Amino acid sequence: MQYYTVVGEGYEDAVRKAREQYGDNIRIHSRRDYTTRGGLFTRRMPRCEIVCYISSEKPVRDEKSSERDISEFEKEARTPDPGTLSRSERLDTEVYRNEGWAMEKAAGMLDANHITDPLCSALLEDFPTTGDAAVILSERIVKAVGIDYSRQLHPRRFTVFIGPTGSGKTTTLAKVAYLFRESGRSVAMISLDSYRTGAYEQISAFGKALSIPAAMAGAEDELLAAVERFASMDMIFIDTMGISPKDKELSLRLRTMLNLLDRNNTDYILTVPASMKEEDILDQYLSSSRFSTPSLAVTKLDETETLGNVLSFAYSRSVPILFFTDGQRVPDDIEKASGTVLLEHLKGIGLDLKSARRQVTLS
């Protein structure tokens with residue numbers, strides 16, 4: 001028996017096309033409803049694909065033949081109209097629908113995680129028609145999103161933290177300083193934030209708790225003095241004041257101070273809350289890139305369900321991710337960026353390691 005595939009805008013449209021091409025003796029073998037992938041200027045469209053064959057029985061036509069045939073075709077189709085199915089019936093057909101639906105499932109997962117173009121299109125390009133969509137997406141996301149392993153292993157002497165007020169710069173700086181201190185390096189902290197009340201008291205308290213020396217530098221000469229004071233240290237972590245992209249005066253003041261550092265021996269880290277909108281992340285990035293091209297420290301993962309917005313931005317600007325933080329505890333609640341940690345915070349795609357860790361802790 002020979003089978004034919006016909007695609008229409010809906011089930012009835014597909015049947016009509018099949019009749020026009022192959023005659024009234026067609027019978028439906030299977031049916032698949034799906035949605036086309038939209039682009040920048042096109043929207044997603046519903047489609048129905050039917051696989052049919054030609055019956056050897058002679059058709060009987062009367063006034064109600066069209067309605068009767070459609071009804072009979074619905075019964076013969078292995079995958080009936082999804083709108084008529086109960087929840088249990090939809091679950092029963094899920095295994096059948098997995099074949100050929102991998103791309104549609106993948107698109108749904110990306111949408112649920114707020115992953116946008118151009119990353120979305122890159123992940124769906126030439127997507128296989130069969131296979132486990134979550135596994136395929138996991139592999140593609142890890143390859144697409146950059147992780148700054150180089151700076152994790154070989155940091156420069158000066159590491160400057162920049163970012164908006166409230167993004168967790170100071171807390172993240174203390175955590176990172178402790179990580180490198182534990183790896184065997186001698187470290188120190190300097191705060192340039194003379195604008196926020198209690199800024200120096202905060203970093204000084206972290207320094208005492210972690211046994212890391214700290215200093216305040218509100219002017220250029222004070223920064224030079226602090227750098228000289230810590231001349232024997234392997235690494236110096238520098239906290240900055242939160243700057244709005246629109247505050248050009250404060251941005252210029254900060255840039256003047258940071259120009260005193262050895263540019264070839266300075267790294268920049270942009271702290272970005274995981275819940276921040278993608279367009280706001282871009283504004284902060286464009287503002288901070290006046291200093292140097294930064295890596296990302298994605299903070300406050302405990303305050304959101306997914307980080308697709310951050311991944312979409314990171315991919316669009318080729319900005320690597322360096323650290324993840326997911327709480328206020330110092331020096332805890334921080335992890336070096338990795339593919340495993342990245343996938344852990346994507347709904348329905350990655351690894352459910354958080355619950356596994358909780359179980360280990362409880363046991």
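What follows draws every value from the coordinates through simple rules; no lab data is involved. Keep in mind that what you see is a predicted model, and the values were worked out from it rather than measured. Quick reminder, even Gly has a Cβ in these numbers, built from the backbone with ideal geometry, and neighbours come from all protein chains shown.
Which pairs, out of LYS105/LYS336; LYS248/LYS300; LYS175/LYS300; LYS208/LYS300; LYS17/LYS105; LYS169/LYS277, put more than 22 Å between their alpha-carbon atoms? Violating the 22 Å limit, Cα to Cα: LYS105/LYS336; LYS248/LYS300; LYS208/LYS300; LYS17/LYS105. Farthest towards the positive end of the charge dipole of segment 94-196, among the residues ILE147, LEU173, SER121, is the Cα of LEU173, using unit charges on the Cβ of Lys, Arg, Asp and Glu. When VAL176, VAL142 are sorted by how many other C-beta atoms sit within 10 angstrom of their C-beta, beginning with the fewest, the order is VAL142, VAL176.
Centroid-to-centroid, using Cα positions, segment 247-304 and segment 105-131 are 29 Å apart.
Once backbone amide H atoms are built at 1.01 Å from N, THR240 has PHE161, LEU192 as its partners under 5 Å, excluding neighbours fewer than 5 places away on the same chain.
Taking θ as phi - 60° and the Karplus parameters 6.51, -1.76 and 1.60, the scalar couplings of segment 11-17 work out to 5, 5, 5, 5, 5, 4, 5 Hz in sequence order, x denoting glycine and proline. Listed values for segment 176-185 are Karplus-derived 3J(HN,Hα) couplings in whole Hz (6.51 cos²θ - 1.76 cosθ + 1.60, θ = phi - 60°), namely 5, 4, 5, 4, 6, 5, 5, 7, x, 8, and x replaces Gly and Pro.
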